[in-house]
Amino acid sequence: MKLISDPFELKEYLKQTSQTIGFVPTMGALHEGHISLIKKARAENELVVVSIFLNPTQFLKGEDLDKYPKKDDADKKICQMSGVDVLFFPSAENMYGDDEVSILAPNVRGFVLEGTSRPGHFNGVLTVVMKLLNLVNPTHAYFGKKDAQQLNLITLMVKQLFMDVIIVPVDTKRESDGLALSSRNAYLSKEERKEALKISSSLRLASNMVSKNLLDTREIKQQMREHLSPLEISYVEILNRDFEAIEKVELSNTVILVEAKVGSTRLLDNIWL
Ligand code: AMP
């Protein structure tokens, strides 16, 4: 596995290849969720590039940038064992200067849901993804459905800016009890981890309602809110896959999303029906 921290070196190195490139951008503290993205990239491409970059521009003031879990050595081993060809781990100074051009998330879709509690977050996400895609120039880039809004906005950016990459969505990996894997789960105490299970079980509840043909989104959201109590809910939303509000669940075209606070940790989860 080749390790590269300099963006220009990465660009030069990858320029020489005529192979198909699968790219998996991450912020590190890798877990089985990240590994499933890498495995899919490995299966579908000749060359696999992973980036580990804790992108400062997507964290708002007061968020967890400084305490975000870091596991550099373990991450390198995981990449090596997962058959990664190139691991790119730049510093913030390598990626950003002072007076920077940036990508703006769309006014509506970028400022609802997670964009409400984290205004500007998706500007940072789209800017760094644009930089990384320009550096790697991959055939395919892999993103988790777990971050459904992020995936939606990146897909939109690639389409609207006529970019030449295929965005591949990957299913959410969960613990055996249903908790969606996340680097932020490391913040949870034993008690909080138990409470956090309400998030995935509220989504199962919704899915059970839908399988009984109860499709009214207001009723489903109400039941989910009751189930989530007493967690502090940021949002419970039911949207079509273009992220528009719907009154009735549309099979094969619906995403149900939850963000709730467990202790001081905000956790996201969703299901695609
Ligand atoms: P992060 O390191 O949190 O920025 O995540 C890097 C990529 O891994 C993103 O595309 C995430 O959506 C994806 N990811 C995070 N958690 C999971 C999970 N539990 N299952 C599948 N993909 C995930």
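Looking at the stretch 112-192, which chymotrypsin sites (Phe, Trp or Tyr not before Pro) are in a loop (DSSP not H, G, I, E or B) and have at most 14 other Cβ atoms within 10 Å?
Details: sites: F122, Y142, F143, F162, Y187; in loops: F162.
Here the sparse-neighbourhood loop sites are F162.
Per q in 0.23 1/Å, what log10 I(q)/I(0) does a Debye calculation on the alpha-carbon atoms of the stretch 160-273 return?
Log10 I(q)/I(0), no solvent term: -1.29.
So who's got an amide H within less than 5 Å of the one on S51, skipping anything under 5 residues away but keeping other chains? H placed 1.01 Å off N, in plane.
V24, T26, F88
Sorted by accessible area with a 1.4 angstrom probe, largest first, how do R184, R241, R118 fall?
Numbers: R184 50, R241 85, R118 20 Å².
If we order R184, R241, R118 from most to least accessible, we get R241, R184, R118.
Within the stretch 1-82, which trypsin sites (Lys or Arg not before Pro) sit in a loop by DSSP and count at most 11 neighbouring Cβ atoms inside 10 Å? Mind dumping the intermediate values first?
Numbers: sites: K2, K11, K15, K39, K40, R42, K61, K67, K70, K71, K76, K77; in loops: K61, K67, K70, K71.
Qualifying residues, ordered by number: K61, K67.
How large is log10 of I(q)/I(0) for the stretch 1-53 at q = 0.30 Å⁻¹ when the intensity is taken from the Debye formula with one equal scatterer per alpha-carbon?
Listed by q, the Debye log ratios stand at -1.26.
Just from its helices, what would the mean residue ellipticity at 222 nm be for the chain, if runs of 4 or more DSSP H residues each count -39500 (n - 2.57) and the sum is divided by every residue, rounded to the nearest 500 deg cm²/dmol? Write out the running numbers ahead of the final one.
Working: 9 runs with 103 residues, N = 273.
Value at 222 nm, helices only: -11500 deg cm²/dmol.
Could you list, bin by bin from short to long, the percent of Cα-Cα pairs of the chain in 10 Å steps?
For the chain, the binned pair fractions read 6, 28, 36, 22, 7, 1 percent.
Semi-axes, largest first, in whole Å: what does sqrt of 5 times each Cα gyration tensor eigenvalue give for the stretch 211-251?
With the √(5λ) rule applied to the stretch 211-251, the semi-axes are 19, 14, 7 Å.
Using 10 Å bins from zero, what percent of all Cα-Cα pairs in the stretch 1-148 falls into each bin?
Bins of 10 Å from zero give 11, 40, 37, 12, 0 percent of pairs.
I'd like the carbon and sulfur percentage of the solvent accessible area for the chain, probe radius 1.4 Å, heavy atoms only, ligands and nucleic acids excluded. Kindly include the intermediate steps, with their values, before the conclusion.
On the way: 6840 of 13780 Å².
Here carbon and sulfur together make up 50 percent of the probe-accessible area.
Kyte-Doolittle cut-off 1.0, length cut-off 15 Å along the helix's own axis using Cα: show which whole DSSP H helices in the chain pass.
On the way: long enough: 32-44 (18 Å, -0.56); 121-136 (23 Å, 1.34); 148-160 (18 Å, 0.40); 190-211 (32 Å, -0.60); 217-228 (16 Å, -1.72).
Those that pass (Cα extent of 15 Å or more, hydropathy at least 1.0) are 121-136.
At q = 0.21, 0.22 Å⁻¹, what log₁₀ I(q)/I(0) does a Debye calculation on the Cα points of the stretch 69-159 give, no solvent, two decimals?
Normalising to I(0) and taking log10 leaves -1.22, -1.26.
Give the Rg (one decimal place) followed by the Dmax (whole number) of the stretch 95-247, computed from C-alpha coordinates and expressed in Å.
17.6, 55
The values are calculated or read from the model by the stated rules, or taken from the named source; none is laboratory data. What you see is a predicted model, and the numbers here were worked out from it, not measured in a lab. Positions of Cβ are generated from backbone atoms using ideal geometry, with glycine treated the same way; all protein chains shown enter the neighbour counts. Note: accessible area is taken over every heavy atom of the protein model, side chains too, but ligands, DNA and RNA are not part of it. Shrake-Rupley method; radii C 1.70, N 1.55, O 1.52, S 1.80 Å.
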